[in-house]
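No lab work stands behind these numbers, since they all come straight from the coordinates. Note that the structure is predicted; figures quoted are calculated from it, not measured. Here the Cβ positions follow ideal geometry from the backbone for every residue, glycine too, while neighbour counts run over all protein chains shown.
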2 protein chains.
Amino acid sequence: MPLLVVGSVGIDTVETPHGKAQDVLGGSAVYFSWAASFFVPVRLVSVVGSDFPERYRDDLSTKDIDMTGLEVRDGKTFRWSGQYKDTMHVAETLSVDLNVFGQFAPNVPEQFRDSRFVFLANGLPTLQMEVLDQMNGPAFVAADTMNHWISDMKPELLKVLKRVDGFILNDAEARQLTEEHNLIKAARALQEMGPSYVIIKKGEHGSLLVSEEGFCLVPGYPTEHVKDPTGAGDTFAGGTMGYLAKTGTVNVENMRQAIIYGTVLASFNVEGFSIERLKQIDMADLESRRSHFASMVKF
Amino acid sequence: MPLLVVGSVGIDTVETPHGKAQDVLGGSAVYFSWAASFFVPVRLVSVVGSDFPERYRDDLSTKDIDMTGLEVRDGKTFRWSGQYKDTMHVAETLSVDLNVFGQFAPNVPEQFRDSRFVFLANGLPTLQMEVLDQMNGPAFVAADTMNHWISDMKPELLKVLKRVDGFILNDAEARQLTEEHNLIKAARALQEMGPSYVIIKKGEHGSLLVSEEGFCLVPGYPTEHVKDPTGAGDTFAGGTMGYLAKTGTVNVENMRQAIIYGTVLASFNVEGFSIERLKQIDMADLESRRSHFASMVKF
C-alpha cells in the first residue's frame, strides 16, 4: 500500500569527527522516503525553493518516490548546518534557515488523499493536524515530534496525538512530554494520550515498542563505523513504516519485523554523510545485514 | 560444576528516591553468589569482621553457598554508604570504610582450588592475581574491575587480563580502559588484551558480548519498578557465570543463554534493596520472567 510522508526536504552542512559534508541533501522526508521506498511506493509532500538542485531531485527519482507533492516556491530551500563532536550523540545546530519551509502549508495532492499509511515527520503540530484533515480515513497514521513542540506547543501536539495510531519519538522527548524518567512508564503514559503503538528510540541502544498486545525490545545494530548520525531517526521510521505499509497489517508481530528493518536501515545510514550510504545498498544488502543482526539477537 | 567467587561481603546503607535501607547485606560476592546459586553450588572467598551479623550469615546459608572461605577477622566489616538521585544511573558514594577488607589477602581453601569456574569480582588487580596463582588450572576464569584500578593500577590489571577468559565490565570502564568510545571497537581492543569473551554491561540498555565466534546483543529487561540498582552488575555476573558453570561448556550459544539469565536476575535485584527481592524469588519466577523476556525479544 502506498505510504504518504509529510516532512522537510533540505540542504544540510554537517561536520563530524570523520569529516565534513557541505550542502548535501537532507531533511526528514528525504531520509524517510529513501528508506521506505525499499518496501513500497512513497508519496512525498514537502516544499523546496527554486534553488533546489536538480541533481538532488534526480537522486530521489531513482527510487519509487512520487514527487507530485513536492511544491517548489520562489525563494530558498530549507537549510540546516550542524556539528557532532566526540561521542556523536547530539548534534549541535550551528544555523537553521527555514526559508520557504517557514511558509509551508502542506497541500496533499488529491490523488494522495486515499493513502492508507501516513507518516507525519517532525513539524509544527498545527501543520501535522492540517495534513490529517486532508486525508480520507487512513488505516494507520504515525507521527514524530521534537523538544521545541513539546515545550512550546504542547496543547496542539496533544490534539495530534489523539488522532494518531503510532508515535515514534526518542527517549529524551518521551521523558520531556511525560515528565517520567522510566521509559516503560513513559511509554504507557504516551499510550494514554492516544497512540496504540509507541516506539521509543534510544539511539545506539535500540528501541522499545509498547502496545496493548505487548512489548518488543530491539537492540541497536552494533555499528563500528559511525560517520554521521544525521537522519538516523527518520531512516528508522521510514524502514519501519515502509515494511508495515508493505504488509498492510498492523499488529505487534509485523511491527517487530518492521522495527528490525528500520534499525538495519538506520545502521547503514549512519555509515555515511547524507544519503550516500543508503544510495549504495540494495535489498540484498539489507537482508544480509538483517540476518546477521538476527543471529546476534536470537534468544 | 562448582563455581568460585572472590569479592567483597559488606554492610551497606543506601538511599534512593524510593526509600532508605540502613546496614543491609551487600558486597559484590554476596550478590554474585546469590544469583549463581540458582544454578550451581557456589564457593565464596571473602573476609568479614567480627561484627558481621549472624542473621546475614543465616541468609546466605539458605542458599547453596559454601562459606568455608569466608574469613572472620578481628575488626569491622567493610561498609559502604551511597545515594542514588533522580535517574538512579550512578551511585554517589557517601562513605567507604574498607575495615578488614583493607587487609584482605585471599586464601583459597585447599578444597576450593580445583574449581573449574572462577569469578574475580571487582578488586585490586594484585589480589585478583594472587587468587589465580592459587588455582589448579580452572577451565574458565572471568573478572570484573572498576575505574580506580583502570586509572591507578593499569599495568597490574593488564597482567590479570592476560590470564582470564572472560571480562565483564560496564560501558564507562570499557571506554576508559581502551580510550575508544565505540563499544564494538572497545570490545575488540579488550579482546586483544587477553580475554576471549568480553561482556560490556550498559545498565538499563542491556549488554553486548563480543567473542571470536561472534556477537550477542541482549537488551535490558524493561523494569518499571527500580527501587535500588546496587548490586545489579554483580547479580548479572552471578547469573551469567552460574548458568555457564551449570552447563560446563563455554561457547557463544551457552554464553548467550547465560547472559539472558543474568539479565533477568539483575532485573529482579533492582526491584528491592539489598537482596530482599532476590530472596523472594525461586527458579519458577526466574523461568517465568525469562519466557516473558524472550517473547519481547524474539526476532
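Descriptive notes on the structure:
- Restriction of the chymotrypsin sites (Phe, Trp or Tyr not before Pro) in the range A:16-64 to DSSP coil positions whose beta-carbon has at most 15 other beta-carbons within 10 angstrom yields no sites.
- The range B:133-231: GluC sites (Glu not before Pro) falling in loop per DSSP and having at most 13 other Cβ within 10 Å: B:Glu179, B:Glu212, B:Glu213, B:Glu224
- Dipole of chain A [Lys/Arg +1, Asp/Glu -1 at C-beta], most positive-end residue of A:Leu169, A:Met296, A:Gly137: A:Met296
- Radius 10 Å from Cβ of A:Ala143, net charge of other residues (Lys, Arg +1; Asp, Glu -1): -1
- Here is the tail figure for the range A:3-297: Cα pairs spaced more than 32 Å apart come to 17 percent of all pairs.
- Mean ellipticity per residue at 222 nm, deg cm²/dmol - from DSSP H runs of n ≥ 4 across chain A, formula -39500 (n - 2.57): -11500 deg cm²/dmol
- Charge tally for B:Thr13 (other residues, Cβ to Cβ under 10 Å; Lys, Arg +1; Asp, Glu -1): -1.
- According to the calculation over all Cα-Cα pairs in the protein assembly as shown, the P(r) per 20 Å bin from zero is 20, 47, 26, 7, 0 %.
- Rounded to the nearest Hz, the phi-derived 3J(HN,Hα) couplings of the range B:73-79 under the Karplus curve 6.51 cos²θ - 1.76 cosθ + 1.60 (θ = phi - 60°) are 10, 4, x, 9, 6, 3, 10, where x marks glycine and proline.
- Relative contact order [Cα under 8 Å, 6+ residues apart], chain B, whole percent: 18
- Think of the axis that spins chain A onto B; the A residue whose C-beta lies nearest it, and the distance in whole Å, is A:His205, 2.
- Partner aspartates and glutamates for B:Lys159 [C-alpha distance under 12 Å; skip if fewer than 8 residues away on the same chain]: B:Glu130
- Computed magnitude of the charge dipole of the range A:90-162 (debye, nearest 20; Cβ of K, R +1, Cβ of D, E -1): 280
- Cα gyration tensor category, rounded, prolate or oblate, for the range A:1-90 with a/c compared to 1.5: oblate
- Of the beta bridges in the range A:3-297, as assigned by DSSP with both residues counted there, near 40 percent are antiparallel.
- Sequence-distant residues sharing a close amide H with B:Gly69 (under 5 Å, placed H): B:Leu44
- Test item: Cα-centred dipole of the protein assembly as shown, Lys/Arg +1 and Asp/Glu -1 on Cβ, debye: 660
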